[in-house]
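Student: Structure below; questions to follow.
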Amino acid sequence: MDSPARPQEPQCILCGRCLEVCPLLAATGREELSPRAKLFLLQRLGAAQGALDARGVERLAGLCLSCGRCSRACPQRLDVPAAVARARGRHPGFTAWAWKAWIGGARALWPGAARLGGLLGTRGAPGSTARRLEALVPAAPRPLLRPEAFTPCPDAGKTVLFSGCLGRTLRPAWARTAEALLRGLGCDPGPEPGWGCCGATLGHAGLAAAHSEAVARNVAAWRAAGRPRVATFCASCARGLAAYATDPAAGFDPAEAAAWTRAVTPLSRLLRSVRFAVSPPQGRVLYHAPCHAGADDPDRAWLASLAGLAADTGDGRDCCGLGGIMQLGSPDLSRAVAARLWQRRAALPGDLMLSGCSGCLTQLAATAPGGVVVAHWLDCIDIS
Ligand code: SF4
Ligand code: SF4
């Protein structure tokens, strides 16, 4: 008997659409870093199993920002960042390096880093360690928005926040503002359940087991809390959480996956019914659209709807260049992508750059031209 034919894997048809959107290619002009070139490069890297030398680690770290722009543009639905993550995960040498880099570089930096940043006193070069420490010090922009009138949510009820790693550790003011807004909307914010990291960055770095653990932990916390609505003010967390619906690590049946999808919502989507009084800004208000927010970025739409703010929301084509593991492994590439963003946005001293992604905000603050303030849009809301 003939064996059933295997479904054909989608193939690259060399249409070039991914080349038009890849920020890494745009910033470096390096053809070998283009999405379709990566697919071929990965085949070669795949043959070199086992320990990686420093060059190999740098190569894997610097291959991709995991922004997802190419996969959204690809007519063949080829997922280059997922292929890069799998390649990273296949190399034990890279996995070990990634953990060491995170524990030695990022995690150790966070506790107390804000205080240290404040003590540095001088501004380092864009993207330098000194600037990265300074970037962890909360910015205090002039309040621009004051809620004037709330229309209660029609489906108001228990709504817990998912503040994300940066929000939970160094930016508790974001959650305080978000909770006040939820209360105004008639929602019951309650305490955050025992969330961990959303896991998205771990997945991009190829740390598949840690990613699955994060998913399982957060789903267990949601169930224990009674499956409430989950509001988040980090675009990357929102994307990472939404992906749980199809992740086997979540252990959802179809009904629970649908309930999860309904439950997870960007906070800005709930704010559309709030009327804000807008104080005219002193400089320009720019908005950086995080790659993970996608084409229908709810933060961008909400800010654009606020008459009087006149936010320049850009064309949504820029990447901040953080790229998770890339900033740790290939800082030069990361800086090149950030430099292109600032050049395109032509930010001047006195301008305010807003965003709604924790990762973007730390990268933007670490690379901003002098005199440009970088802040989460929640930092501009006066709830006193
Ligand atoms: S995910 Fe982003 S950086 Fe990576 S290949 Fe695709 S477009 Fe380029
Ligand atoms: S968009 Fe997809 S099919 Fe087109 S060149 Fe890029 S990877 Fe190939």
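The values are calculated or read from the model by the stated rules, or taken from the named source; none is laboratory data. Because the structure is predicted, anything quoted here is derived from the model rather than measured. Please note: Cβ atoms are built from the backbone with ideal geometry, for glycine as well, and neighbour counts cover all protein chains shown.
Student: Quick check: anything in region 293-300 outside the structural domain of V337 (by TED's automatic domain parsing) and among the acidic types (D, E)?
Tutor: No, that holds for no residue.
Student: Moving to a separate point now. So, G62, is that one outside the structural domain of A338 (by TED's automatic domain parsing) and either over 18 Å from L322 (Cβ atoms) or modelled with pLDDT of 90 or more (or both) or not?
Tutor: Considered against the rule, which asks whether it is outside the structural domain of A338 (by TED's automatic domain parsing) and either over 18 Å from L322 (Cβ atoms) or modelled with pLDDT of 90 or more (or both), G62 comes out as no.
Student: For A173, state whether it is in contact (Cβ under 8 Å) with a residue 60 or more places away in the chain and in a strand (DSSP E or B).
Tutor: Criteria not met by A173.
Student: Can you work out which of the residues in region 309-329 that are without any contact (Cβ under 8 Å) to a residue 40 or more places away in the chain and part of a loop (DSSP other than H, G, I, E, B) is farthest from F94 (Cα to Cα)?
Tutor: A310
Student: To continue, here is another question. Please verify whether L341 is part of a strand (DSSP E or B) and surrounded by 17 or more Cβ atoms within 10 Å (Cβ to Cβ), treating the condition exactly as stated.
Tutor: Judged against the criteria, L341 is not a match.
Student: Let me ask something else about it. Within region 151-167, take every residue that is in a loop (DSSP other than H, G, I, E, B) and surrounded by fewer than 20 Cβ atoms within 10 Å (Cβ to Cβ) and give me the one that is modelled with the highest pLDDT.
Tutor: T151
Student: Of a type in the set (A, V, I, L, M, F, W, C), out of contact with any Ser or Thr (no Cβ under 6 Å at 6 or more places or on another chain), buried (at least 19 other Cβ atoms within 10 Å of the Cβ) and in the same structural domain as A263 (by TED's automatic domain parsing), is that true of A173?
Tutor: Here the answer is no, as A173 does not meet what is asked.
Student: If you check D379, D332, which single one turns out to be under 24 Å from L182 (Cα atoms), assigned to a helix (DSSP H, G or I) and either among the charged types (D, E, K, R) or free of Cβ contacts under 8 Å to residues at least 40 places away in the same chain (or both)?
Tutor: Unique residue meeting the criteria: D379.
Student: Mind checking which residues of region 260-300 are of a type in the set (A, V, I, L, M, F, W, C), surrounded by fewer than 14 Cβ atoms within 10 Å (Cβ to Cβ) and more than 28 Å from G371 (Cβ to Cβ)?
Tutor: A295
Student: Is it true that some residue in region 222-243 is under 16 Å from the mean Cα position of the chain (by Cα), of a type in the set (S, T, Y) and closer than 15 Å to T159 by Cα?
Tutor: Scanning region 222-243, I find at least one residue that is under 16 Å from the mean Cα position of the chain (by Cα), of a type in the set (S, T, Y) and closer than 15 Å to T159 by Cα, so the answer is yes.
Student: Within region 234-247, identify whether any single residue is over 26 Å from S355 (Cα atoms) and surrounded by fewer than 14 Cβ atoms within 10 Å (Cβ to Cβ), and answer yes or no.
Tutor: Yes.
Student: Select from region 62-101 the residues that are among the hydroxyl-bearing types (S, T, Y) and either in contact (Cβ under 8 Å) with a residue 60 or more places away in the chain or on the phi > 0 side of the Ramachandran plot (or both) and write down the one among them that is surrounded by the fewest Cβ atoms within 10 Å (Cβ to Cβ).
Tutor: Checked region 62-101; the qualifying residue surrounded by the fewest Cβ atoms within 10 Å (Cβ to Cβ) is T95.
Student: Follow-up question, since we're still on this one. Considering region 14-45 alone, what residues qualify as being small (G, A, S) and either within 11 Å of ligand 1 (Cβ to nearest atom) or buried (at least 18 other Cβ atoms within 10 Å of the Cβ) (or both)?
Tutor: A26, A27, S34, A37
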